[in-house]
Amino acid sequence: MKLQSLRGFRDILPDEAERWQRITDAARAVAAGFGYRQIHLPMLESTELFKRSVGEATDIVEKEMFSFLDRDKTHMSLRPEGTASCVRAGIEHGLLHNQQQRFWYAGPMFRHERPQAGRYRQFHQFGIEAFGMADPACDIEVIALSAALWRALGLGGLTLEINSLGSPECRAAYRDQLRDFLRGRADALDEDARKRIETNPLRVLDSKHPDTRAAIADAPSMEAAMDDDSRAHFGAVCEGLEALGIEWKLNSNLVRGLDYYTHTVFEWTTDRLGAQGTVCAGGRYDGLVAQLGGGDVPAVGFALGIERVALLLAQDQADAAGEMPQVYLCWHGDECMTGAQQIGATLRARGLRTVVNAGGGSFKAQFKRADRSGAGWAVVLGPEELAAGTLQIKSLRARDAQRTLPTDEAVAYLQQALRDGQPNA
Ligand code: HAM
């Protein structure tokens, strides 16, 4: 018999291992920048833990866990995710009662799924969990941390989808209402959805089956079932994200595959990875700590799939091969047009691939274009800079302070930074 790795279990060879290192280094630095500290959690836990947290009627617990009896006849499972363990550890060590905690973890998770590109049986997550903060500020923080990580990695083009499941009470009321609706439509649903009516009706909402999708097009909406406090919480999260310039898209069918969520849920998705387009996902889970025997401790978190992020970085590297612009020049005011073109020409003469903004737009809009262009640096020329003979420079990929320098120095600075191999060199 030829020996080879098990189905869905992969070797990570040096090229990919280096990309992983980049991801975990960046994630560790960004998490530390937000005050998160590392926690190491065991890979094996009692099976009961996942039944009581992820939920008995979820795909993960029903079909995907690697569970077995050890020599002492203890029921245990390889962890399919990190949140349950983190909560268990927090309760066990008395870290959660009347306290605020910010943790991160990274490591392998195990799910017996059908393997395909971007989906494996052993995969790796980087996750964060924040405990003890019920206000929308914490939902915003957690999402902002993920956005900061994409920026640090130079990953553009991800879409943030968000939704609210409301408080546990309104979620339960909505579940009953939806169940009644689905019972009336049972004949039109696919088999999987039909089974879910009694066990986990919310999951029917994110079914991909065309018959089911058609049958639930006029299902009662979660939003209508939400109480005022839940609505206010979600409104504050949306506004907070907007204020930080983080774009989001409401997806009212986003319910997540784990049972513990309440209020805000979110996913970062891409259309560049085929069917496995969710790169990072999470949300608030205010009831879980109590459910696992701790106190009434609110919590929010997310986990990203390291393999999926690594696939995107690999694609970017291939795309980048000497083609992407390095600098995007934003300018404003008619008097700056000639100056902008001249500076663009100077930068190109010095070997820097440079796009000069055209088609007008506010600085905010121009920065968005700069981000999408793939450039690593934005240069800003406004009337003030023109009068002073300076330029503003801002890194679009690293958490680097914006600086204003005399034009010649700014050009030399960019040349040096790109030569030093800073993002997108
Ligand atoms: P999840 O959505 O099950 O959430 O997984 C998070 C991420 O892990 C997914 O978005 C995906 O990128 C990656 N992932 C999941 N399954 C696989 C797989 N079979 N192969 C490759 N990558 C995969 C959780 O696990 C929650 N614990 C997230 C969380 C933390 N919520 C609150 N705190």
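Just a few scattered comments:
- Among the GluC sites (Glu not before Pro) within region 203-263, those in coil by DSSP and having at most 16 neighbouring Cβ atoms inside 10 Å are Glu247.
- Solvent exposure, largest accessible area first (probe 1.4 Å, DNA, RNA and ligands not counted), of Lys394, Lys73, Lys208: Lys208, Lys73, Lys394
- Kirkwood-Stokes translational diffusion coefficient of region 327-420, alpha-carbon pairs, 10 °C, 1.306 mPa s, µm²/s: 123
- Percent accessible area from carbon and sulfur atoms, region 327-420, protein chains only, probe 1.4 Å: 52
- Sorting Arg397, Arg28, Arg231, Arg308 by accessible area puts them as Arg28, Arg231, Arg308, Arg397; the probe is 1.4 Å, largest comes first, and only protein heavy atoms count.
- Kirkwood Rh, Cα atoms: Rg over Rh of region 1-153: 0.99
- Helix 306-320 axis, angle to the chain major axis (alpha carbon atoms, nearest 10°): 30
- In this view, the solvent-accessible surface of His40, computed with a 1.4 Å probe and all protein chains in place, comes to about 150 Å².
- A Förster radius of 30 Å, combined with the Cβ-Cβ distance separating Glu113 from Asp135, puts the computed FRET efficiency at roughly 0.25.
- Rg to Rh quotient for the chain, alpha carbon positions, Kirkwood Rh: 1.02
- Residue-averaged 222 nm ellipticity for the chain, from DSSP H runs of 4+ at -39500 (n - 2.57), nearest 500: -12000 deg cm²/dmol
- In the context of the full set of protein chains, the chain has a per residue accessible area of 47 Å² (1.4 Å probe).
- Ranking Pro14, Gly282, Ser252 by how far each Cα lies toward the positive end of the dipole of the chain (charges on Cβ) leaves Pro14 at the top.
- Over all distinct Cα-Cα pairs of region 184-295, the Kirkwood formula returns a hydrodynamic radius of 16.2 Å.
- Debye, to nearest 20: dipole size of the chain, +1 on Lys, Arg Cβ, -1 on Asp, Glu Cβ: 1120
- Helix axis angle, 363-373 relative to the chain longest principal axis, alpha carbon, degrees: 70
- Under Stokes-Einstein, with the Kirkwood radius over Cα pairs as Rh, the value for region 150-209 at 4 °C and 1.567 mPa s is 95 µm²/s.
- Helix 83-92 axis, angle to the chain major axis (alpha carbon atoms, nearest 10°): 70
- Added length on full extension, which subtracts the Cα-Cα distance from 0.36 nm per residue, Asp206 to Ser362: 52.4 nm
- Net charge of neighbours whose Cβ lies under 15 Å from the Cβ of Glu247, counting Lys and Arg as +1 and Asp and Glu as -1: +1
The values are calculated or read from the model by the stated rules, or taken from the named source; none is laboratory data. A quick note: this is a predicted structure, and the numbers were derived from the prediction, not measured. Virtual Cβ from ideal backbone geometry, glycine too; neighbours counted across all protein chains shown. Just the protein is used for accessible areas: all its heavy atoms, side chains included, with ligands, DNA and RNA removed. Shrake-Rupley method; radii C 1.70, N 1.55, O 1.52, S 1.80 Å.
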